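This report concerns only the one structure given below.
The values are calculated or read from the model by the stated rules, or taken from the named source; none is laboratory data. Computed from a prediction, not measured in an experiment: that's the story for all the values here. Because the Cβ atoms are built from the backbone with ideal geometry, glycine has one as well, and the counts that use them run over all protein chains shown. The area values use the complete protein model at the heavy-atom level, side chains included, leaving out ligands, DNA and RNA. Shrake-Rupley method; radii C 1.70, N 1.55, O 1.52, S 1.80 Å.
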Amino acid sequence: NVTGYSFFTKSIYIFKWYVIAICIVYLLFPVYFNLFEKSKNKTAFTFLFIVIWIAVCIMINARVDLYGILWRIVIFVIGVYLEYSILNEEKTISVYLVWLVFILGIVIFYLNFTKVIKINIVEPNSLIANSLLALSISYLVAMFCQKHPKVNKVLSLIGGCSLEMYLFQELIGYQIIGLTSKFLPRIIVNVLVIIIVTVCCYYLNKLFNYL
């Protein structure tokens, strides 16, 4: 399970899938980014990569749970392209376009979720809706943080220990819920877990950085 073998052969949920997924991306990203940087037309390179990736993912007919990871690669490479373009080529994205992408993502997600339309190749995680929402929300949050430094400081703090928070919540959070939900309202339990996990992981992150 720890090596990630079961991740591909049995189920992504056998062992903390998020950790295995991050390790895989960390290992493969240098190869992708090296090719991305060398490409003369980065827009065409990104578009071609996404088309090939989606085509391969459909043809291999993988387990349903694996598509939860495979489709995230599309979001990841689009994010790489946007970040590189904004930082290195000084491109700007219209806020109206971002809001349009966000609204479109909401509409597609709603239609797919309510089965008004059903796009089989993107089930159970809608590739189109997830991509539009992930990218637009990230951009909107970034714009909001630019205007509100205090919020940016808090989110940066949480983002810096997000992996620790995920792991700690998976290992300890559910135990706390099981022990306290019998005599406390669920909303209080949730708030309690968030506070405990955040505080513990903040200091855990500081310890890791110190070491």
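Residue-by-condition table, conditions (1) assigned to a helix (DSSP H, G or I); (2) touching a Phe, Trp or Tyr at 6+ places or on another chain (Cβ under 9 Å); (3) acidic (Asp, Glu):
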site: LEU157; (1), (2), (3): yes, yes, no
site: LEU163; (1), (2), (3): yes, yes, no
site: LEU167; (1), (2), (3): yes, yes, no
site: GLU170; (1), (2), (3): yes, yes, yes
site: TYR174; (1), (2), (3): yes, no, no
site: ILE177; (1), (2), (3): yes, no, no
site: VAL189; (1), (2), (3): yes, no, no
site: ILE194; (1), (2), (3): yes, no, no
site: VAL197; (1), (2), (3): yes, yes, no
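Residues in the range 79-112 that are surrounded by 15 or more Cβ atoms within 10 Å (Cβ to Cβ) and of a type in the set (Phe, Trp, Tyr) were compared, and the one that is farthest from ILE137 (Cα to Cα) is TYR84. All conditions but one from (1) among the hydroxyl-bearing types (Ser, Thr, Tyr); (2) surrounded by 15 or more Cβ atoms within 10 Å (Cβ to Cβ); (3) modelled with pLDDT under 80 apply to TYR174; the one that does not is (2). Just one of the listed residues (PHE168, PHE183, PHE208) is aromatic (Phe, Trp, Tyr), in contact (Cβ under 8 Å) with a residue 40 or more places away in the chain and either touching a Cys at 6+ places or on another chain (Cβ under 9 Å) or open to solvent by 80 Å² or more (accessible area, probe 1.4 Å) (or both), and it is PHE208. Restricting attention to the range 35-68, the residues being outside any loop (DSSP other than H, G, I, E, B), over 18 Å from ILE78 (Cβ atoms) and at pLDDT 85 or above number 1. Checking the range 138-161 against the condition returns no match, with no residue being under 26 Å from TYR13 (Cβ atoms), open to solvent by less than 70 Å² (accessible area, probe 1.4 Å) and at pLDDT 80 or above.
Whether a residue is open to solvent by less than 60 Å² (accessible area, probe 1.4 Å), modelled with pLDDT under 80, among the polar types (S, T, N, Q) and more than 24 Å from ILE137 (Cα to Cα) was assessed, and SER11 passes this test.
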